[in-house]
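The values are calculated or read from the model by the stated rules, or taken from the named source; none is laboratory data. All of these numbers come straight from a predicted model, not from anything done at the bench. No Cβ is skipped: glycine too gets one built from the backbone with ideal geometry, and neighbour counts run over all protein chains shown.
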Amino acid sequence: MALRLYNTLSGRVEEFHPLEGNLVRIYTCGPTVYNYGHIGNYRTFVFQDILRRHLKYRGYKVMQVMNLTDVEDKIIREARAAGLPIREFTQKYIDAFNVDRKLLNLEDVEFLVRATDHIADMVGLVQTLEQKNFAYASDGSIYFRVEAFPEYGKLSKINLSGNRAGARVDADEYEKADARDFVLWKAAKPDEDSWDTPLGRGRPGWHLECSVMAMKYLGPTLDIHSGGTDLIFPHHENEIAQSEAATGKPFARFWIHGEHLVVNGQKMSKSLGNFYTLRDLIGQGFKPSAIRYLLAAVPYRKPLNFTFEGLEQAEQSLERLRNFRQRLTAEKFPPGSNPGLAERAQIARKGFEEGLDDNLNTAEALAAVFELVREGNTAMDRGEFREAERPAYLDVLARWNRIFAVIDDEDYAKLRQYGFAGGMSTAPSPGAASTDGRKPTGLLVEAISEDEIERRVSERERARHSGRYAEADRIRNELLGAGVIIEDTKAGTRWKRK
Ligand SMILES: [Zn+2]
């Protein structure tokens, strides 16, 4: 069966085939780099990573562009508050994003590009639109004339024809001929970063940058354009209008949108105190691999309800997978084969592949593999597992992991590599909730004192004796991350530094 994806443009699930041979051209709207990425952002980026990896798994070559929005109103405001030029201000958050991507095992995209490196290209697109009479100037700014593009609204299915006068559709402070029109180029304002261009002194509008960077690297027609559902209108609608008006060609064939993440059923917001960056969760001792697992586990078109219980379950699920692989790697099995078990491996592989082909149904793909874990463990416990089945089982896990990318326990090594354990600030972001999660110990402890080790070892003992094994394991792992090895012996628990 071919890969099927839900296309927002057609409103249907469609079979996906690239326009040209084996190559899939993808554009994904990237982060606005004025803060650390929050888990809602990363939900979208993880789903896009699963999409990318699954396309590759199915034999396609992927060419993906992701933009870094490094000029817009909020950035200008925040940079000014910080007393920095915007390039310098945003660099810090671009660096942080690059580290976050590594922590979450997001594959490198082919082109990760900054908006401010493409000002000349943006000017070019605006000039084309002016020549074709799709754009007009007003008070030094330049607007897209929506009336000139009758297909406007085809993605969002929003009918704005009643909105011509009065209503503000895309709020900004400039004069427009029609309320639906949106800004392509903003006239310079005092004290704001701006560029001297043939269009006059000013800066690009946000919608413009995505059209320009997409077409520059991928050509006029993309196979897939993706982002969160909040971008459908007006952002993606405007991207279509600008691009198609300029080229006369379809801009993107498939529009794939990921649903929101909510926290305990509520919208994540700083004012509600339930706002988490990736770094907040790492600071509370959660593993990036478990965070990735949780973000990937819910199919992308369903809202994801983030809870700390869910995150702890994700850690436990991951442990189960890792333990199973450990058994497959290390245990001795009787020689020979067990045809029933060999068949189970084939069913699991088919199950996860077909789940992902079905509009990236990650829940089904997970279920298929956990069924294999359950059956495999049972067979091993009963002494029914046979040596001949080992490679097939390991192969299913390895294939599954090419897409989910969570089985290898690389968290501690990466956190050390990227300086988290070496004194990098782990203060929670302003407004981050501190009551729900764990104490900010765990992964980030570096030079842990003997007193603290003794205290944690005792906590672990208590957890073990009252049957809270997951917690006991977590403490052991946290201490391991801090370079402390726990050994359970007949004489009691001992610890040593690595
Ligand atoms: Zn965009």
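For the stretch 205-251, filtered to residues that are more than 21 Å from G21 (Cα to Cα) and not in a helix (DSSP H, G or I), the residue that is nearest to the ligand (Cβ to nearest atom) is G227.
I94: aliphatic (A, V, I, L, M), at pLDDT 95 or above and surrounded by 19 or more Cβ atoms within 10 Å (Cβ to Cβ), yes or no?
Numbers: aliphatic (A, V, I, L, M): yes; at pLDDT 95 or above: yes; surrounded by 19 or more Cβ atoms within 10 Å (Cβ to Cβ): no.
No.
Residue pairs whose Cβ atoms lie under 8 Å apart, sitting 6 or more positions apart in sequence or on different chains, and linking a residue in the stretch 85-109 that is under 14 Å from T277 (Cα atoms) to a partner that is surrounded by fewer than 21 Cβ atoms within 10 Å (Cβ to Cβ) and of a type in the set (K, R), are L103/K414. None of E450, E487 is modelled with pLDDT under 85 and in contact with a Phe, Trp or Tyr (Cβ under 8 Å, 6 or more places away or on another chain) except E487.
For the stretch 1-19, the tally of residues that are out of contact with any strand residue (DSSP E or B) (no Cβ under 6 Å at 6 or more places or on another chain) and at pLDDT below 95 stands at 1.
Screening Y6 on (1) of a type in the set (S, T, Y); (2) under 30 Å from E354 (Cα atoms); (3) within 16 Å of the ligand (Cβ to nearest atom) shows it passes everything except condition (3). Of the residues making up the stretch 20-38, those that are out of contact with any strand residue (DSSP E or B) (no Cβ under 6 Å at 6 or more places or on another chain) and either within 16 Å of the ligand (Cβ to nearest atom) or in contact (Cβ under 8 Å) with a residue 40 or more places away in the chain (or both) are P31, Y34, N35, G37.
Check G376, G351 and return the single one that is within 30 Å of F254 (Cβ to Cβ), surrounded by 14 or more Cβ atoms within 10 Å (Cβ to Cβ) and small (G, A, S).
Numbers: G376 fails: within 30 Å of F254 (Cβ to Cβ).
Residue meeting the stated conditions: G351.
So if I check each of G248, G258, which one is of a type in the set (G, A, S) and surrounded by fewer than 24 Cβ atoms within 10 Å (Cβ to Cβ)?
On the way: G258 fails: surrounded by fewer than 24 Cβ atoms within 10 Å (Cβ to Cβ).
Going through G248, G258 in turn, the sole match is G248.
Restricting the search to helices (runs of 4 or more DSSP H) fully inside the stretch 42-160 and requiring at least 3 residues that are within 16 Å of the ligand (Cβ to nearest atom) gives 73-82, 119-131. For the stretch 255-300, the set of residues classified as hydrophobic (A, V, I, L, M, F, W, C) and part of a helix (DSSP H, G or I) consists of L272, L278, L281, I282, A290, I291, L294, L295, A296, A297, listed by residue number.
What residue, among those in the stretch 385-439 that are hydroxyl-bearing (S, T, Y) and in contact with a helix residue (DSSP H, G or I) (Cβ under 7 Å, 6 or more places away or on another chain), is modelled with the highest pLDDT? The selected residue is Y393.
Test D178 against the criterion of being modelled with pLDDT under 95, within 16 Å of the ligand (Cβ to nearest atom) and more than 30 Å from T307 (Cβ to Cβ), and give yes or no. If you could, list the steps in order and put the result at the bottom.
Working: modelled with pLDDT under 95: yes; within 16 Å of the ligand (Cβ to nearest atom): no; more than 30 Å from T307 (Cβ to Cβ): yes.
Answer is no for this residue.
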